[in-house]
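Okay, so here's the structure we're looking at.
The values are calculated or read from the model by the stated rules, or taken from the named source; none is laboratory data. Bear in mind that the values here come from a model prediction, so they are computed numbers and not experimental data. Note that we place each Cβ from the backbone using ideal geometry, even for glycine, and neighbour counts take in every protein chain shown. Heads up: the accessible areas ignore ligands, DNA and RNA and are worked out on the full protein's heavy atoms, side chains in. Shrake-Rupley method; radii C 1.70, N 1.55, O 1.52, S 1.80 Å.
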Amino acid sequence: MTARQPWQMSMRELAAAIRAGWLTARGAVDAHLERIDEVNPRVNALTVVFHDRARALADEVDRALAAGRDPGPLAGVPFTVKENIDLTWSASTSGWPFLANAVPAEDATMVARLLAAGAIPIGRGNMPDFGLRWDTDNDLFGRTLNPWDPARVPGGSSGGDAVAVATGMTPLGLGNDYGGSLRLPAYAAGVCALRPTAGRIPAPTASGDEPVTLTLQHFAVNGPIARTVDDLDTAFALMHGADGRDPLVSTLPHPAGYDGPRRAAVVRDPLGWGIDPQVGEAVDRAAAALTAAGWEVEHVEPPLLEEAAVLWRRLSSAEMVGAFRPGGLPAPLSAGSMTYFLDNAEEVEPFAGADDYAMAWARRVAIAAAWARFQAAHPVVLGPVSARRMPRIGFDLEGPAATTELWRAHRLLVAVNFLGLPSVALPTGLDEDGLPTGVQLIGPRDGDHVALAAGRAVEAALGHVAPLAARDVVAG
C-alpha cells in the first residue's frame, strides 16, 4: 500500500491507511488537492475545489484520531459532489448560470451521512445544465473532457465526478441517474458506478417542499461512482435509508452479502439492433468471468425490453415538453442542451391525451411484473451500458436522427431507469485503441446487493482500471 500514492488508492484503502496511522487525513487530502491542481486544468471535471475547508476538516480528523476518538469509518477520505446535490460549502448550480450563488442552507442527506462518517468534500463535479444531455457541458463552467480521448464525450450527466474518479482526483464521487447519468460516464471513464433501486437514497436537495414530477420520482436515483465495487457497496451502505424528509425512500436494510441463486441472463445485443465489436467482446469477457465464478449463465433477453425503452423516452420527453412551456423552466438552457432536447422531441411520438399518458404508467406496472418473474429465474441481467463506444463531441447535436441513434444505443440503459432497478456499471479493460470498455449488471428490485455481488465476481476476474497517470491525461 505504501508503494502507491494516496490518489492511487481506493476509498477503502485510504480509510484503512488513515485509521492504521500509515497516512494522516491531512496527507490524504493534500495528495488529492495536489493531484487536482495538476490534472483538473486539463479536463475541467471539478468546478469548485475546497482547498482550505478540506484541509481544515482533515486537521480536525487527525486531532480526533490522535485523541483516541472515532471520527467515522471514512475518516479523512475525500469525495466530490455533483453540482445538483446540496452541499452548504458552495452553490448547487445544476450547471445553470442563474444559480451561481444559490448556496443551500442544508446538506443533502447523502452528503450529511458521508460527513458524519468522517469523509471530506474536496470539490464539485461538473454536469450539463439541467442534467439534460448524455454529455457534460454548460454555459457556467464549460466542457469536461474525456481523459482517454478528448475528441469523445465523457458521458453525462455525472461526467465531472466520473472523470475526477478516473484521474485520481477523488476516490469517490456522488451523482445521480435519470437516464444512465451514473453508469454512462462511468463507462466512458473506466470506473464503477452503482445506480441503486429507486427509493433507496434520499433526494439530492435538502428541502422536500418542491414538487417532483412523476418521472423524477420513478426514474431518478442518487448513487456513488468509485474505482472498485467494494467502494460502491461501502458508500451505498452509508448513504441509503429513509431520512424523515424524502417520502419516497424506503426503510429496507442493505444486506451485507448475497447467498441466493447465482444465475445470470446475458443480453449481448439488446433487441438485436446492433453493437460495436468492442461492446460485444466486453460482454463476453464478463459472462466468462461469471461462469468461472460459479454463476449459471444463459443467453436470454428479458421481456418487453423495447416497450420499456420506448416508454422511458416518451414519458421523459413529455415532461420536458411541459417544462419548456411558458413559465416552465426558470432560465434558458444552454444552446447545446436546447438543440439536443428539441431534436430529440421531434423524434418522439407524443401522447394523444390524458388516457394515453395514463396507460403508459399502467404499462410500466405490467412490464415491471414481467421483469420480476424473469429475474426470479435470472436474478442478474448482464449486458452493455451502451451498444456503442462513446461518440465524438457534437454527435448528439447533428439532428433528430442522431438523438434517436443515441437512444437506440442506450436502450438497455434507459430500460433500467424506466423500471427503477439497481445496476452496477464496471470496466472490463481497455480496447485496442486504449479506450475503456465496460458492462452493467442489473439486479432485481431492491436487489442492489445482488448486482454488487455479480459485480465483484466480474471485477475479481477482470480487475479494475487504475487511475490515469498525469502524463496520460489529455491536454486541455
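The rows are residues; the columns are (1) of a type in the set (Val, Ile, Thr); (2) open to solvent by 40 Å² or more (accessible area, probe 1.4 Å); (3) modelled with pLDDT under 95; (4) in a helix (DSSP H, G or I).
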| residue | (1), (2), (3), (4) |
| --- | --- |
| Leu333 | no, no, yes, no |
| Ala358 | no, yes, no, yes |
| Arg363 | no, yes, no, yes |
| Ser386 | no, no, no, no |
| Met390 | no, no, no, no |
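Can you name the helices (runs of 4 or more DSSP H) wholly within region 178-265 that have at least 1 residues being closer than 25 Å to Ser316 by Cβ, of a type in the set (S, T, N, Q) and out of contact with any Asp or Glu (no Cβ under 9 Å at 6 or more places or on another chain)?
Values: elements: 183-189, 214-219, 229-239.
Hits in region 178-265: 214-219.
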Report task. Could you check, for region 284-298, whether at least one of its residues is among the hydroxyl-bearing types (Ser, Thr, Tyr) and without any contact (Cβ under 8 Å) to a residue 24 or more places away in the chain? Result -> yes
Query raised in the report: Leu140: open to solvent by 10 Å² or more (accessible area, probe 1.4 Å) and in contact (Cβ under 8 Å) with a residue 40 or more places away in the chain, yes or no?
Result: yes
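Mind listing just one residue for me: the one in region 438-449 that is open to solvent by 10 Å² or more (accessible area, probe 1.4 Å) and either of a type in the set (Ser, Thr, Tyr) or more than 17 Å from the chain's Cα centre (by Cα) (or both) and, of those, nearest to Asp231 (Cα to Cα)? Talk me through it step by step, then tell me what you get.
The first filter runs over region 438-449 and keeps only residues open to solvent by 10 Å² or more (accessible area, probe 1.4 Å), leaving 444-446, 449.
If we keep only those that are either of a type in the set (Ser, Thr, Tyr) or more than 17 Å from the chain's Cα centre (by Cα) (or both) too, we end up with 444-446.
Values: Pro444: 21, Arg445: 21, Asp446: 19 Å.
Among residues in region 438-449 that are open to solvent by 10 Å² or more (accessible area, probe 1.4 Å) and either of a type in the set (Ser, Thr, Tyr) or more than 17 Å from the chain's Cα centre (by Cα) (or both), the one nearest to Asp231 (Cα to Cα) is Asp446.
Going by the structure shown, is Arg53 in a helix (DSSP H, G or I), closer than 19 Å to Asp107 by Cα and under 27 Å from the mean Cα position of the chain (by Cα)? Walk me through it before giving the result.
On the way: in a helix (DSSP H, G or I): yes; closer than 19 Å to Asp107 by Cα: yes; under 27 Å from the mean Cα position of the chain (by Cα): yes.
Answer is yes for this residue.
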Requested in this report: Identify all residues within region 339-356 that are buried (at least 16 other Cβ atoms within 10 Å of the Cβ) and part of a helix (DSSP H, G or I); write none if there are none.
Outcome: Thr339, Tyr340, Phe341, Asp343, Asn344, Ala345
Query raised in the report: Failed condition for Arg35, given (1) over 21 Å from the mean Cα position of the chain (by Cα); (2) surrounded by 19 or more Cβ atoms within 10 Å (Cβ to Cβ); (3) under 15 Å from Gly76 (Cβ atoms), with all others met?
Result: (3)
Query raised in the report: Which of the residues belonging to region 412-432 are surrounded by 23 or more Cβ atoms within 10 Å (Cβ to Cβ) and in a helix (DSSP H, G or I)?
Result: Leu412, Leu413, Ala415, Val416, Asn417, Phe418, Leu419
Report summary line: Flagged in region 110-132 as open to solvent by 10 Å² or more (accessible area, probe 1.4 Å) and either in a loop (DSSP other than H, G, I, E, B) or at pLDDT 95 or above (or both), in numbering order, are Ala112, Arg113, Leu115, Ala116, Leu132
